[in-house]
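Undergrad: Quick one: structure below, then a few questions.
The values are calculated or read from the model by the stated rules, or taken from the named source; none is laboratory data. Note that this is a predicted model, so its numbers are computed, not measured. With ideal geometry, Cβ positions are generated from the backbone for all residues, glycine too; neighbour counts draw on all protein chains shown. To get the accessible areas, we keep the full protein, side chains included, count just its heavy atoms, and leave off ligands, DNA and RNA. Shrake-Rupley method; radii C 1.70, N 1.55, O 1.52, S 1.80 Å.
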Amino acid sequence: MATAQTLKIVKATVPVLEEYGTKITTAFYQNMFNEHPELLDIFNETNQKLGRQQTALAMTVLAAAKHLEHLEVLLPQVTEISHKHRALQILPEHYPIVGQHLIGAIKQVLGEAANDDIIAAWTEAYDEIADVFIQLEKGLYEEEMWKGFANFEVVEKIAVAADIVAFTVVPTKDNRNDGQDIDLSKLTLTAGQYITVKTDPQHSNHLALRHYSLNATTTDNGIQFAVKRDNRDGHYGLVSNYLHDELQVGETLLLSAPAGDFALDKALIHQNDIPLVLISAGVGITPILAMLETQVMANPQRPIIWAYACQNRDHHAFEVRVNQLLEAATTVEKNIFYFDSGQLLDNNLLANLPKPADIYVCGSMPFMESIISGLTALEHSSDSVHYEPFGPKMSLQIA
Ligand SMILES: Cc1cc2nc3c(=O)[nH]c(=O)nc-3n(C[C@H](O)[C@H](O)[C@H](O)COP(=O)(O)OP(=O)(O)OC[C@H]3O[C@@H](n4cnc5c(N)ncnc54)[C@H](O)[C@@H]3O)c2cc1C
Ligand code: HEM
């Protein structure tokens, strides 16, 4: 527990550090990667190049410092981040490295203004915050379905929309699996979770890790996920292009075990008076499709409202599978929107949703911002609205 003196100093200096946020994070990453180039195999190179998400880590430390005497209020946010850390295989021994360079960057940017008392207080605060993460992650490591990154073989690769490819992978059966004997039939997959791939794309000097949501929870054929080719504004997405163009059936891929706490509310799956509302756009359909499958297999009687938006018919992903599942459900309302035809998933749909409802949303950042803000304005309680951004949650701007 931090001393009263530490709390006082930390709280007084948070606003100053927030003001210098970008300078501190830039110095932090530069110094850390100079001394520990091996960490470039863990951090997202594109995020670093674009300066994107760079502030997430340091800004979260500052935000946490504001709540130092009752860090438990941050548990939901810390849990989500810890799932990502576990998926990326961040270990306790990484924390002192980050701590040393974060405090070093504070010293470097504030100069003489950062006296010994300030540095001592921030060191104590960081250690306390890091310990919360390390303890939570310890629990997640104990539960992980397999250890670290294990080798899987691609057994199927099929296009499910104009720019989306679905993969089915199975554990390799020899010592290429680091000695782990993963039994597919014994894995219990949860809809909403994601696996993490570790790849070595030709176009990069580093390994590259990315998360992909499971699009099914059944493991009869293997573990299933789907990837959109992510090229925006003439730029090239490193891993999605590698998975589309380079990785072929019969080849292997390293995967860490499913992670994430985006999941159906178990208490409501058999509650037929509270409908399940599934809203997605583009490749955001992946975790939502797994949720639809889980619901229909467990209780097809529960009313389901399905809303899916994409560019046009060619980009409509998993249409056949979704229709099969919806046909197996008793009460269904289905809404499809094609942007190219001027159909927008707008406030009309949201305004007509029943209340209470159990709502799950996944899509691009702007799509999520608009839908979540709309649902909030319509006074759907935050407990009833669940969402998974395909990027850092803290960068979502919810009105
Ligand atoms: C929890 C979670 C679940 C996810 N699930 C899925 C899923 O099921 N399916 C899926 O397809 N994705 C999913 N994602 C997203 C996925 O992890 C990757 O972020 C995505 O595939 C892009 O990775 P990439 O390496 O191809 O692109 P990156 O190299 O990381 O680039 C990202 C974007 O930046 C653009 N870019 C690159 N360089 C520049 C530049 N110099 N200037 C401007 N822009 C640039 C690229 O074109 C690309 O659009 C998920 C993400 C999370 C966090
Ligand atoms: C108390 C210390 C830490 C805090 C507060 C923190 C916070 C965060 C946050 C907020 C994110 C973004 C999560 C999201 O996508 O929603 C993140 C991602 C990440 N963190 Fe941490 N983190 C800490 C320690 C570490 C350590 C010790 C490492 C490893 C050296 C690490 C490596 C990563 C990586 C690789 C990502 C993914 C982002 C990317 O690749 O650019 N973090 N962290």
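Undergrad: As a test of reading the structure, rank 18, 142 by solvent-accessible area (1.4 Å probe, protein chains only), most first. Provide the component values of the computation, followed by the final result.
TA: Numbers: 18 70, 142 130 Å².
Listed by decreasing accessible area, they come as 142, 18.
Undergrad: Could you give the radius of gyration (one decimal) and Dmax (whole number) of the Cα atoms in the range 266-395, in Å?
TA: 13.8, 39
Undergrad: Return, ordered by residue number, the residues of the range 192-213 whose backbone nitrogen is under 11 Å from a label point located 7 Å along Cα→Cβ of residue 79.
TA: Those under the cut-off are none; the list is empty.
Undergrad: What is the helix-to-structure angle for 4-19, meaning the angle in degrees between its Cα long axis and the longest Cα principal axis of the chain, kept from 0 to 90 and rounded to the nearest 10?
TA: Here the helix axis deviates by roughly 70 degrees.
Undergrad: Next question, about the same structure. Taking the full set of protein chains and a 1.4 angstrom probe, give the accessible area of residue 155 in square angstrom, rounded to the nearest 10.
TA: About 70 Å², rounded to the nearest 10.
Undergrad: Residue 26: accessible area at probe 1.4 Å, nearest 10 Å²?
TA: We get 60 Å² for residue 26.
Undergrad: Going by a ≥ b ≥ c, the root eigenvalues of the Cα gyration tensor, does the range 338-399 fall in the rounded group (a/c under 1.5), the prolate group (a/b larger than b/c) or the oblate group?
TA: Details: a/c = 1.84, a/b = 1.01, b/c = 1.81.
Oblate shape, in that a/c is at least 1.5 and b/c is the bigger or equal ratio.
Undergrad: Quick check: with the 1.4 Å probe, what order do 86, 321, 210 take by accessible area, largest first?
TA: Numbers: 86 10, 321 85, 210 40 Å².
My answer, sorted largest first, is 321, 210, 86.
Undergrad: For residue 72 and residue 297, calculate 0.36 nm times their separation in residues minus their Cα-Cα distance, and state this gained length in nm to one decimal. Can you show the working numbers first?
TA: Working: separation 225, 0.36 × 225 = 81.00 nm, distance 3.60 nm.
Gain on extension, residue 72 to residue 297, equals 77.4 nm.
Undergrad: Roll a 1.4 Å probe over the protein heavy atoms and report the accessible area of residue 200 in Å², nearest 10.
TA: 100 Å²
Undergrad: Relative contact order for the range 217-355 using alpha-carbon pairs under 8 Å, separation at least 6, rounded to a whole percent? Can you show the working numbers first?
TA: On the way: 146 pairs, mean separation 27.5, N = 139.
With pairs under 8 Å counted, the relative contact order is 20 percent.
Undergrad: A further question on this structure: Among DSSP beta bridges whose residues both lie in the chain, state the antiparallel percentage, nearest 5. All intermediate terms of the calculation are to be shown ahead of the outcome.
TA: Values: 30 of 51 bridges.
That works out to approximately 60 percent antiparallel.
Undergrad: To continue, here is another question. What is the percent carbon and sulfur in the accessible area of the chain, measuring with a 1.4 Å probe over the protein chains and ignoring ligands? Display every interim value, and only then the final one.
TA: Working: 9690 of 18810 Å².
C and S fraction of accessible area: 52 percent.
Undergrad: If you don't mind, another one. I need to check one value: relative contact order of the chain, counting alpha carbon pairs closer than 8 Å and at least 6 residues apart, in percent. Write out the running numbers ahead of the final one.
TA: On the way: 656 pairs, mean separation 56.4, N = 399.
Over the chain, the number comes to 14 percent.
Undergrad: Run the simple label-point estimate for residue 221 and residue 348 please: 7 Å along Cα→C-beta, distance reported in nm.
TA: 3.7 nm
Undergrad: Convert each backbone phi in the range 371-388 into a coupling constant with the Karplus relation 6.51 cos²θ - 1.76 cosθ + 1.60 (shift: θ = phi - 60°), then list the ³J(HN,Hα) values in order as whole Hz, x for Gly and Pro.
TA: Karplus values, whole Hz, x for Gly and Pro: 5, 5, 4, x, 5, 5, 4, 7, 6, 6, 5, 5, 5, 9, 10, 10, 8, 10.
Undergrad: How far is helix 285-298 tilted off the main Cα axis of the chain, in degrees rounded to 10, range 0 to 90?
TA: Result, in degrees: 60.
Undergrad: What do you get for the angle between helix 54-65 and the principal long axis of the chain? Use alpha-carbon atoms, 0 to 90 degrees, nearest ten.
TA: On a 0 to 90 degree scale, this one is about 70.
Undergrad: Calculate, for the chain, the solvent-accessible area per residue in square angstrom, rolling a 1.4 angstrom probe over the heavy atoms of the protein chains.
TA: Details: 18810 Å² over 399 residues.
Value for the chain: 47 Å² per residue.
Undergrad: Quote to one decimal, in nm, the extra length available between residue 207 and residue 8 on full extension: 0.36 nm per residue of separation minus the C-alpha distance between them. Write down the numbers at each step before the final one.
TA: Values: separation 199, 0.36 × 199 = 71.64 nm, distance 4.19 nm.
Full extension of this stretch gives 67.4 nm more.
Undergrad: If you don't mind, there's one more thing I want to ask. Using the beta-carbon distance between residue 271 and residue 324 and R0 = 25 Å, what value does 1/(1 + (r/R0)^6) give for FRET efficiency, to the nearest 0.05?
TA: Details: r = 24 Å, r/R0 = 0.95.
My answer for the efficiency is 0.55.
Undergrad: Ok, one more. Per DSSP helix of 4 or more residues, -39500 (n - 2.57); summed, then divided by the residues of the chain. What does that give at 222 nm, rounded to the nearest 500? Let's see the in-between values first.
TA: Numbers: 12 runs with 158 residues, N = 399.
Taking each H run of at least 4 residues, the total per residue is -12500 deg cm²/dmol.
Undergrad: Taking amide H atoms as placed 1.01 Å from N in the peptide plane, list the residues 5 or more away in sequence, or in a different chain, whose amide H sits under 5 Å from that of residue 146.
TA: Under 5 Å from the amide H of residue 146 lie the amide H atoms of 257, each far enough along the sequence or on another chain.
Undergrad: List the extent of the Cα atoms of the range 218-306 along each of their three principal axes, largest first, rounded to whole Å.
TA: Principal extents (Cα only, largest first): 47, 33, 20 Å.
Undergrad: Let me ask you something else. Where does each of 365, 1, 32 land when they are ordered by accessible area, with a 1.4 Å probe and the largest first? Before the final figure, lay out each step's value.
TA: Working: 365 50, 1 165, 32 0 Å².
Heavy-atom accessible area, descending, gives 1, 365, 32.
Undergrad: Follow-up question, since we're still on this one. Please report the net charge: other residues with Cβ closer than 13 Å to the Cβ of residue 371, K and R +1, D and E -1. Don't skip to the end; give the middle numbers.
TA: Working: positive: none; negative: 346, 369, 388.
Here the charged neighbours net out to -3.
Undergrad: Further, regarding this structure: Relative contact order (percent) for the range 86-213, with alpha-carbon contacts under 8 angstrom and 6 or more residues of separation?
TA: 17 percent
Undergrad: Can you list the HN-Hα couplings for the range 187-198, worked out from phi with the Karplus curve (6.51, -1.76, 1.60; θ = phi - 60°), rounded to whole Hz and with x for Gly and Pro?
TA: 7, 9, 8, 10, 4, x, 7, 10, 9, 10, 9, 10
Undergrad: So, in nm, how far is label residue 48 from label residue 162 when the simple model puts each one 7 Å beyond its Cα toward the Cβ?
TA: Inter-label distance under the simple model: 3.5 nm.
Undergrad: Length gain on complete extension for the stretch residue 120 to residue 381, per 0.36 nm per residue less the alpha carbon to alpha carbon distance?
TA: Values: separation 261, 0.36 × 261 = 93.96 nm, distance 4.16 nm.
Contour length minus Cα-Cα distance gives 89.8 nm.
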